[in-house]
1. For segment 138-165, what are the residues that are within 18 Å of A111 (Cα to Cα) and not basic (K, R)?
2. Determine, yes or no, whether D73 is open to solvent by 60 Å² or more (accessible area, probe 1.4 Å) and either within 16 Å of the ligand (Cβ to nearest atom) or under 14 Å from H27 (Cβ atoms) (or both).
3. Answer with yes or no whether S104 is over 30 Å from G161 (Cβ atoms) and either loosely packed, with under 14 Cβ neighbours inside 10 Å or within 9 Å of the ligand (Cβ to nearest atom) (or both).
4. Mind listing whichever residues of segment 120-137 are free of Cβ contacts under 8 Å to residues at least 60 places away in the same chain and either assigned to a loop (DSSP other than H, G, I, E, B) or open to solvent by 100 Å² or more (accessible area, probe 1.4 Å) (or both)?
5. Please determine, by comparing only the residues of segment 102-119 that are outside any loop (DSSP other than H, G, I, E, B) and touching a residue at least 60 places away in the same chain (Cβ under 8 Å), which one is farthest from the chain's Cα centre (by Cα).
6. State all residues of segment 152-169 that are more than 19 Å from W38 (Cβ to Cβ), more than 15 Å from the chain's Cα centre (by Cα) and buried (at least 16 other Cβ atoms within 10 Å of the Cβ); if no residue qualifies, say none.
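The values are calculated or read from the model by the stated rules, or taken from the named source; none is laboratory data. Not measured: the values here are computed from a predicted model. All Cβ positions, glycine included, derive from the backbone under ideal geometry; neighbour counts span all protein chains shown. In case anyone asks, the SASA skips ligands and DNA or RNA and just uses the protein heavy atoms, side chains included. Shrake-Rupley method; radii C 1.70, N 1.55, O 1.52, S 1.80 Å.
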Amino acid sequence: VAGPTLRTARLKLRPAMAGDADLLRDHWNRPEVRRFLWDDEPVAAETVDAALAQSDADFARAGHGLWIVETLDIVSETAFVGFCGLRVVEGTDLVEVLYSLEPSQWGKGFATEAAGAALDYAFESLRLPRVVGGVDPPNRASHRVLERLGVAYFDTLVLEGKPAEYYEVTAASRPAPST
Ligand SMILES: CC(C)(COP(=O)(O)OP(=O)(O)OC[C@H]1O[C@@H](n2cnc3c(N)ncnc32)[C@H](O)[C@@H]1OP(=O)(O)O)[C@@H](O)C(=O)NCCC(=O)NCCS
């Protein structure tokens, strides 16, 4: 995999590999995760394989893709926390930030921390002018994550026939580092 590993105070984001397929499939099929990330549709093995192949291609082509998020806490029994990604919104030239965490890991600030690292990388290393984030209106937890990352309303994009509200983050709209 050609992508970089990113680190934060508590987390490591490593490029997802083909060997992560089972892990991601289990994670993405958890009801709480699937509900918003996958429109509540079951996630098939082929879908996961395609996402991983796309990620590999994207890392090679554009320097971004999907990362597996792991905790750096070496005493905890499970390193796997969730995933975070930067991916092109189909049919556009916009890059969106995606994330989901294991439900047992919600409420610790990990999504904000992981997505923040992906955004810093997007602006500082890839020099993207903006990254967007799409949210289903009832997905309050994801709204709060995007608000903490520093977003402003961007546009309503109609994707596969359904309108989705998109928010944009730019380097200028990011909150100053808290450290
Ligand atoms: C969206 C999702 C990742 C959010 O997870 P989350 O744990 O609520 O988000 P964060 O990691 O930012 O955690 C923030 C919460 O942890 C709390 N928290 C605890 N310790 C914290 C810390 N050190 N730093 C920041 N927040 C902390 C905050 O108070 C906050 O709670 P609040 O939102 O009630 O104010 C999660 O709900 C999820 O996986 N959903 C399913 C998939 C999905 O919808 N993905 C988005 C579509 S792209």
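1. Filtering segment 138-165 for residues within 18 Å of A111 (Cα to Cα) gives 138-151.
P138, N139, A141, S142, H143, V145, L146, E147, L149, G150, V151, listed by residue number.
2. Numbers: open to solvent by 60 Å² or more (accessible area, probe 1.4 Å): yes; either within 16 Å of the ligand (Cβ to nearest atom) or under 14 Å from H27 (Cβ atoms) (or both): yes.
Answer is yes for this residue.
3. Numbers: over 30 Å from G161 (Cβ atoms): yes; either loosely packed, with under 14 Cβ neighbours inside 10 Å or within 9 Å of the ligand (Cβ to nearest atom) (or both): yes.
Taking the combined requirement at face value, the residue satisfies it.
4. Residues satisfying the conditions are E124, R127, L128, P129, R130, P137.
5. So the first thing to find is which residues in segment 102-119 are outside any loop (DSSP other than H, G, I, E, B), and the list is 103-105, 110-119.
From what's left, touching a residue at least 60 places away in the same chain (Cβ under 8 Å): 103, 110, 113-114, 116-118.
On the way: P103: 15, F110: 11, E113: 11, A114: 8, G116: 10, A117: 10, A118: 8 Å.
Out of the qualifying residues, it is P103.
6. F154 - this is the single residue of segment 152-169 that is more than 19 Å from W38 (Cβ to Cβ), more than 15 Å from the chain's Cα centre (by Cα) and buried (at least 16 other Cβ atoms within 10 Å of the Cβ).
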